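K.L.:
Once you've had a glance at the structure underneath, I'll fire off some questions.
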Amino acid sequence: MAKKRILVGEDDGAIRGALVEFLESLDYEVAEAESCSGIREAFREFSPDAAVLDYSLPDGTALDLLPHLKQSHPSVPLILLTGNGTVQLAVQAIKEGAEQFLTKPVEMSAIAVVLERALKNQRNQQKQWAGKVREKRESVDPFMGTSPAIREVAEQAQKLAASHCPVLIAGETGSGKGVLAKWLHDQSPRSEEAFVDLNCAGLGRELLETELFGHEVGAFTGAVQRKLGLLEVAQRGTVFLDEIGDMDLQVQPKLLKILEEKKFRRLGDVQERQLDVRLIAASHENLAELVRKKKFRSDLYFRVSTVTMNVPALRERLEDIPLLANYFFERSASDLGKQQLTLSEQAMESLAAYSWPGNIRELKNVIERAALLATSETIRPKDLHLEFKDAVATDNGSNLTLVEVQRQHIQKILDAERGNIARAATRLGVTRGTLYNKLKTFAIQTPRDKE
């Protein structure tokens with residue numbers, strides 16, 4: 001690990017030498033300067049992680065330097081030393097951005113403590129900043145696209161932005177339900193509080209209960225320490241229960257009771273705790289159908305589905321594929337340092353012709369893999385490694401392009417349904433609006449809609 005760099009700005013040679021020697025003994029890399037101009041130059045050339053500066057210098061004071069240094073190097077902590085300190089001067093220095101203001105003579109150990117604390121605070125701030133940048137960069141706009149299907153979702157989401165009501169998000173796996181849930185939290189009055197998510201799929205009853213409600217020591221075999229449940233962790237925030245349709249039937253009434261009474265108890269505890277959370281649930285299954293089959297409680301279904309949002313599958317918004325593909329591609333190429341990479345027109349046609357059973361998640365993975373394994377500066381269809389089973393079956397060994405294959409398949413379904421747009425859209429797995437757009441794109445002539 002690289003050593004931390006410390007700049008010592010002091011015009012007294014003896015003091016400066018002692019500081020440099022002491023800091024080097026602590027395994028810092030140290031540079032020195034003896035004037036304001038020297039300090040400015042050292043900041044440009046040495047790029048210190050922190051600086052220890054004397055207040056009085058031959059060509060000015062450290063106070064004169066502070067505005068410039070904090071503007072050009074805002075994250076670098078500045079520690080000021082002075083032989084004639086006053087409370088007023090110290091207050092002014094802190095207001096101007098000094099980390100600490102120490103009066104000489106100063107114990108070397110005190111300088112070491114102040115430096116260590118300042119650098120630790122700096123690291124924490126950098127981690128927080130990096131986390132926010134990463135979160136922002138990794139987040140995807142859940143409404144990216146211009147298709148009628150996704151614009152309808154965006155319009156509904158805007159109406160729910162300031163709400164506290166439960167929301168059920170329905171949609172296929174990989175369609176972006178989790179991204180939408182996080183957006184709803186970020187736009188809500190609870191945005192400054194925790195967003196906690198739990199995937200209910202594959203969790204047994206005991207594990208699900210302890211994850212949701214937490215437990216006390218000795219609540220069950222192996223409970224050797226207290227555990228806070230996610231409901232408690234999310235207090236005043238949002239709980240996102242993904243794949244709630246897979247929730248164990250024995251846990252469902254307990255969750256319902258908590259949602260109705262707004263109180264809960266950790267497993268093995270007798271104390272009830274107040275609960276204030278917003279619930280967002282999601283499922284790729286039809287919960288109403290699960291209720292009919294007695295695999296999901298009807299009362300819990302009505303509680304979690306105050307508002308239901310339907311996220312469209314990617315095949316229902318084919319016109320959004322180029323925008324999404326370019327977004328993922330540019331981000332992947334940038335991360336890999338391959339900004340010279342380009343998606344060929346043929347590759348984009350291949351993406352548009354694929355059925356995307358894994359939806360946006362699959363599209364993202366395909367793009368990232370192609371960028372990672374690219375052997376040339378142009379991504380071609382073969383680099384995408386898509387399995388066009390439908391295309392191969394329709395092609396019958398001919399030399400059609402994938403776009404032509406898609407056009408022929410739409411025409412075949414339309415002919416089979418005698419031009420009935422509603423039935424053809426159902427068979428193709430898209431909305432009528434999407435199908436109309438494809439007909440326009442491919443200039444397909446159809447009989448009048450018979451509805």
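K.L.:
Report every pair of residues separated by at least 6 positions or lying on different chains whose Cβ atoms are under 6 Å apart, first residue within region 131-157 and within 18 Å of Ala181 (Cα to Cα), second modelled with pLDDT under 95 and among the hydroxyl-bearing types (Ser, Thr, Tyr).
P.N.:
Pairs found: Ala149/Thr431.
K.L.:
For region 252-286, enumerate the residues that are among the β-branched types (Val, Ile, Thr) and farther than 15 Å from Arg303 by Cα.
P.N.:
Once the filter is applied, which keeps residues that are among the β-branched types (Val, Ile, Thr) and farther than 15 Å from Arg303 by Cα, region 252-286 yields only Val270.
Okay, residues lined up against (1) in a loop (DSSP other than H, G, I, E, B); (2) among the hydrophobic types (A, V, I, L, M, F, W, C):
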position	(1), (2)
Val196	no, yes
Thr210	no, no
Asp248	yes, no
Pro253	no, no
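K.L.:
Going through Leu318, Leu323 one at a time, which residue ends up being hydrophobic (A, V, I, L, M, F, W, C), more than 16 Å from Leu208 (Cα to Cα) and modelled with pLDDT under 90?
P.N.:
Leu318
K.L.:
Here's a check for you: in region 86-108, which residue that is within 17 Å of Gly9 (Cα to Cα) and hydrophobic (A, V, I, L, M, F, W, C) is farthest from the chain's Cα centre (by Cα)?
P.N.:
Within region 86-108, the match that is farthest from the chain's Cα centre (by Cα) is Val106.
K.L.:
For region 1-52, which residues satisfy the criterion of being within 14 Å of Leu80 (Cα to Cα), among the charged types (D, E, K, R) and surrounded by 20 or more Cβ atoms within 10 Å (Cβ to Cβ)?
P.N.:
Listed by number, the list holds a single entry, Glu10.
K.L.:
Could you tell me whether Ala93 is touching a Leu at 6+ places or on another chain (Cβ under 8 Å), under 25 Å from Asn124 (Cβ atoms), crowded, with 16+ Cβ neighbours inside 10 Å and at pLDDT 90 or above?
P.N.:
No.
K.L.:
So which residues in region 329-345 are surrounded by fewer than 17 Cβ atoms within 10 Å (Cβ to Cβ) and assigned to a helix (DSSP H, G or I)?
P.N.:
Correct list: Glu330, Ser334, Asp335, Glu345.
K.L.:
Out of region 23-77, which residues are of a type in the set (Asp, Glu), in a strand (DSSP E or B) and either in contact with a Cys (Cβ under 9 Å, 6 or more places away or on another chain) or without any contact (Cβ under 8 Å) to a residue 40 or more places away in the chain (or both)?
P.N.:
Glu29, Glu32
K.L.:
Also, quick follow-up: So, in region 54-85, of the ones that are closer than 24 Å to Ala14 by Cα and among the polar types (S, T, N, Q), which residue ends up surrounded by the fewest Cβ atoms within 10 Å (Cβ to Cβ)?
P.N.:
By that ranking, first place goes to Asn84.
K.L.:
For region 15-59, give me the residue count where each residue is out of contact with any strand residue (DSSP E or B) (no Cβ under 9 Å at 6 or more places or on another chain) and at pLDDT below 90.
P.N.:
Counting residues in region 15-59 that are out of contact with any strand residue (DSSP E or B) (no Cβ under 9 Å at 6 or more places or on another chain) and at pLDDT below 90 gives 1.
The values are calculated or read from the model by the stated rules, or taken from the named source; none is laboratory data. Predicted model, so just to flag it, every value in this text is computed and none were measured. FYI the Cβ positions are ideal-geometry reconstructions off the backbone, even for glycines, and counts take in every protein chain you see.
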